[in-house]
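Visitor: The structure that follows is given in the form of structure tokens.
Readers should treat all values here as calculations from the given coordinates under stated rules, not as data from a laboratory. This is a predicted model, so every value here is computed, not measured. Cβ coordinates were reconstructed from backbone atoms using ideal geometry, including for glycine residues, and neighbour counts include every protein chain displayed.
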Amino acid sequence: MFDFHVHTNFSLDSSEEMENYIAPAIQKGLKGICFTDHLDIDYPSVDSVFIIDYINYAKEINRLKDKYKGKIEIFAGIEFGMQPHILEADTSFFSDKSFDYVLGSIHATGKKELYMGGFLEGLTEHQAIVNYFEEMLFCVKGFKNYNNLGHLDAIGRYVDRERMPYSSVKYFEYIEEILKAVIEAGKGIELNTSGRRYGLPDFHPDQSILKRYRELGGEIVTLGSDSHNISTLAYNFAEALDVLSSCGFEYYTIYRNGKPEFIKI
């Protein structure tokens, strides 16, 4: 298996050195690992700057590729925080850089961050969720330099689940449009196993979304643990493969030099 969503100390929210992942990955039997550290341009928090040191990032990945050649495959990735107002930044950042894999994710809506709940200010949970999916749809239609859409229904982590339990069924008209746009653009989605770690009953996205994606013709799905430390590397991947199979998938996907490759489940 391959873990295609892993963070290191090149991300502001992780202190784990890149090389620390290698021995655990080999011990777990992983064939490859893709480092996807954060780039969030104009992140809406004065205390958080998610700008990657690309030169040193690339140097470290290349060093580890050479050091562990023949033992495990290492991929250069990035998790790009998409927001509607930074379309031009998307084009300019990627014009002179090379990645195997770009994971496009939504970490803010209405120029307010999800993590600390700012996106809920002045809104009902319902309207905030609608805004999240509407901005996601705008981004998957407008951004060109991503490969897969990350943790599609992660909004379920951040609403007040006691007051209004999140259910993707309520928002399927938006979710279906997003899935259709992803498929039409030749992109994919990720199966992000971190949902359980956040106290949710399922992975991201949940199985109803995975099934609908497959019914619509979606085939490209990467596996990602969204790890920020080595303890969660390849978290619940055996179950994740079972989930994919039960939803009608025969393959999962990795990316090499920006091109998808399909691996039999």
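Visitor: Multiply the residue separation of N20 and S231 by 0.36 nm, subtract the distance between their alpha-carbon atoms, and state the gained length in nm to one decimal.
Guide: Numbers: separation 211, 0.36 × 211 = 75.96 nm, distance 1.07 nm.
Result for the pair: 74.9 nm of gain on full extension.
Visitor: Which one of P260, F133, I86 is farthest out on the positive end of the charge dipole of the chain, using unit charges on Cβ (Lys, Arg +1; Asp, Glu -1) and the Cα centre as origin?
Guide: P260
Visitor: Still on this model: Show the residues, 5+ positions off or on another chain, whose built amide H is closer than 5 Å to the amide H of G188.
Guide: N148, L149
Visitor: With +1 on each Lys and Arg Cβ and -1 on each Asp and Glu Cβ, and nothing else charged, work out how big the dipole of region 221-265 is about its Cα centre, in Debye to the nearest 20.
Guide: Details: 3 positive and 5 negative charges, 46 e Å.
That gives a dipole near 220 debye.
Visitor: Among the listed pairs K65/K97; K141/K259; K65/K112; K144/K180; K28/K97, which have their C-alpha atoms separated by more than 26 angstrom in this model?
Guide: On the way: K65/K97 18 Å; K141/K259 19 Å; K65/K112 37 Å; K144/K180 15 Å; K28/K97 31 Å.
Check vs 26 Å cut-off fails for K65/K112; K28/K97.
Visitor: Right, another one. Quote the charge dipole size of the chain about the Cα centre in Debye, to the nearest 20; the model charges only the Cβ of Lys and Arg (+1) and of Asp and Glu (-1).
Guide: Dipole magnitude for the chain comes out near 740 debye.
Visitor: Given Cα pairs under 8 Å that are at least 6 residues apart, what percent is the relative contact order of the chain?
Guide: Details: 483 pairs, mean separation 52.7, N = 265.
About 20 percent, as a whole number.
Visitor: Per 5 Å bin, what is the whole-percent P(r) computed from every C-alpha pair distance within the chain?
Guide: Reading the bins upward from 0: 1, 6, 14, 18, 21, 18, 13, 7, 2, 0, 0.
Visitor: Dipole size in debye (nearest 20) for region 13-69 around its Cα centre, Lys and Arg Cβ +1, Asp and Glu Cβ -1? Intermediate results must be reported in sequence, preceding the final value.
Guide: Values: 7 positive and 11 negative charges, 131 e Å.
Taking the Cα centre of region 13-69 as origin, the dipole is about 620 debye.
Visitor: Please list, ordered by chain and number, the residues whose modelled amide H lies under 5 Å from the amide H of H107; skip anything fewer than 5 residues away on the same chain.
Guide: HN-HN under 5 Å from H107: M82.
Visitor: Assuming R0 = 25 Å, can you tell me the calculated FRET efficiency for the pair E173 and Q207, based on Cβ-Cβ distance, to the nearest 0.05? Mind showing how you got there, number by number?
Guide: Numbers: r = 19 Å, r/R0 = 0.74.
Efficiency, from the Cβ-Cβ distance: 0.85.
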